[in-house]
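Take a look at the structure below.
No value in this document is a laboratory result; all are computed from the given coordinates. Please read these numbers as outputs of a predicted model, since none were measured by experiment. When we count neighbours, we look across all protein chains shown, and the Cβ atoms used for this are built from the backbone with ideal geometry, even at glycine.
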Amino acid sequence: MTGGGGWIIIAVMLVLGAVRGAAAQPATPPLDPSAPARMQIGPIGLHPALILREVGYDSNVLNEETGEEGDFTATIGARLDVGLRLSKVAATYNTFYEYLYFKQLADERGSNRGVEGRVDFLLGRLRPHVIAGVKSSHERPSPEIDARALRQLSTIGFGLATTALSRTTLSVAYRRNATEFADDETFRGVDLAEELNEQAHAISYGADFVLSPLTTVAVHGEELRERFTLSPDRDADSHRYGVTALLNPLALISGRATIGLAAFRPVSPLVPDFTGLVAAISVGYGFGGDSRLGLTVDRDVRHSYVEDTPYYVASGMRVTYGRRLIRNLDGEAMAGWDRIVYEARLDAPPTSGEHDRVATYGGGVAVRLSDQTKIGINFDHTTRSSPVDSREYSRGRLLATVTYGF
């Protein structure tokens, strides 16, 4: 197999092969095919890395109000990012595996693993792409479910982007996401597969405008159709419209900020509609040469496992302040707040709609041994308050994380 045609076939096989694996969401965004690689084999760039994170003590592993159980925990694994760049093809392939270890609470042990891939075909002004991935996770599924639950998430999609003007790109894409919980996964007596197994079909469209080498602004919309396999009363159609600013890492303020409007329309007449603001903001501001202030804001509609409250609006904010202390030693302080507002069915008891609040504070230090290696130690304390006593808890964690890239 030689020539450009052979590499195109290889790239497509990488993406199609992604549907055979399983994984939790990777901790880092997809690799840029043109990014410098640690290992280069012809047009293929390899970025291998070891994963060793959250090694330490958790004072309340099960997030229980009473009878707290602490334990030693660690997560260890590996990740490989592959990038391919040719004259007519740009492709990425990402795979990783993590094992979650608990010394005493053996039932909490499990693994996260998976693969995902994307191929873009560079056809002049036209740039079609295909994506695919399958992921398996043993982490907590959402802010409201305080238990690790095994589930599989799969994604497949395709799209097309075209350059309309020198600084404007138009795009349209289709994506199908599926969520399947293991048959024996329950939380507070609720069968999670019965309540939350779903397929979501989304059509997105938008336009990107390059305002400067450091700033891109995009306007976009999405039509989302969610269908629950065993709980059709949860089915919903949504319409979303928003604006996203992409700020280059070299800019004074860097990151990504999305603000939009969501119209969430349940199919069942017994579930109230929601229309309101949604946001996904993660930006940082560097100042003084060795200090950085970070802000993360998230607000969105999420499905609940509780039958009387089919969905909730989760709003969260996290502020971090980092500073170089001496030479290669960095320090960081963090504070975060979350609010969960449940929306009750129209035929539910009057007390079904509730508000939960979560507050987290912490800090830590990190030693940079090289550009690819860093060792950090962090402490955080989390408290959740709720009108439902069984949902309240507090916990403290002292954890170390090692980042090592070959």
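The phi-based Karplus calculation (6.51 cos²θ - 1.76 cosθ + 1.60; θ = phi - 60°) puts the 3J(HN,Hα) values of the stretch 61-67 at 4, 8, 6, 9, 6, 10, x Hz, whole numbers, x for Gly and Pro.
Taking every alpha-carbon pair under 8 Å whose residues sit at least 6 apart, the stretch 140-353 reaches a relative contact order of 11 percent.
Highest mean first, how do 137-144, 332-339, 88-95 rank when packing is the count of other Cβ atoms within 10 Å averaged over residues?
Order by mean packing, descending: 88-95, 137-144, 332-339.
Residues of the stretch 69-96 with amide nitrogen under 14 Å from the 7 Å Cα-to-Cβ point of Lys103? Output list for this probe position: 70-75. Dipole of the chain computed with +1 at Lys/Arg Cβ and -1 at Asp/Glu Cβ about the Cα centre; of Ala90, Ala207, Val367, farthest Cα towards the positive end is Ala90.
The distance between label points at Val388 and Arg265 comes to 3.0 nm (points 7 Å beyond Cα on the Cα→Cβ vector).
On a per residue basis, the convex hull of the C-alpha atoms belonging to the chain measures out at 150 Å³. In terms of the Cα gyration tensor, with a ≥ b ≥ c the square roots of its eigenvalues, is the stretch 140-353 rounded because a/c is under 1.5, prolate because a/b exceeds b/c, or oblate? Oblate. Taken about its Cα centre, the stretch 140-353 carries a charge dipole of about 1220 debye when Lys and Arg each add +1 at the Cβ and Asp and Glu each add -1 at the Cβ. When only the Cβ of Lys, Arg, Asp and Glu is charged (+1, +1, -1, -1), the dipole of the chain relative to its Cα centre reaches about 2280 debye.
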